[in-house]
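Peer 1: Handing you a structure now.
Please treat every number below as a calculation from the coordinates, not as lab data. This is a predicted model, so every value here is computed, not measured. Don't worry about glycine lacking a Cβ; one is built from the backbone with ideal geometry, like all the others, and counts go over all protein chains shown.
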Amino acid sequence: MSKGRRLLSLGLALGITWALIIFFLGVMAMLSGHGLPMVKLWATIYYGYSASWFGSVIGAVWAFVDLFVISIVAGFLYQLFVGE
């Protein structure tokens with residue numbers, strides 16, 4: 001597997017995982033009220049995120065992009081410093 005493909009796989013895996021966590025946190029807060037303070041905290045970072053169906057989708061998109069980019073950069077730096 002090439003370096004670029006490994007970075008893309010890392011970004012997709014972590015981005016999808018984080019997006020699902022943020023999505024289900026928003027839905028859980030909407031349905032039960034549990035986790036509402038955490039949703040409000042993340043809403044300060046992810047514009048449009050709220051404890052609603054639409055807000056959960058918006059938050060999931062932001063979360064995916066966020067961790068996708070961060071993990072690709074971190075993976076690239078790791079490969080650069082380790083020399084793989």
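Peer 1: For the stretch 3-82, count all C-alpha to C-alpha pairs, find those more than 17 Å apart, and express that count as a whole percent of the total.
Peer 2: 47
Peer 1: If I model a spin label as a point 7 Å beyond the Cα along the Cα-Cβ vector, how far apart are those points for I45 and S2 in nm?
Peer 2: Here the answer is 3.2 nm between the modelled labels.
Peer 1: Okay, next question. Would you work out the relative contact order for the stretch 3-82, in percent, from Cα pairs under 8 angstrom that are 6 or more residues apart?
Peer 2: Computed over the stretch 3-82, the figure is 40 percent.
Peer 1: With a length cut of 27 Å (Cα positions projected on each helix's long axis) and a Kyte-Doolittle mean of at least -1.0, go through the chain and give me the DSSP H helices that pass.
Peer 2: 3-32, 53-82
Peer 1: Let me ask something else. Could you order the peptides 32-38, 53-59 from most to least packed, using the average number of other C-beta atoms within 10 Å per residue?
Peer 2: Going from most to least packed, we get 53-59, 32-38.
Peer 1: Still on this structure: To the nearest 0.05, what FRET efficiency results for F76 and F54 with a Förster distance of 35 Å applied to their C-beta separation?
Peer 2: 0.55
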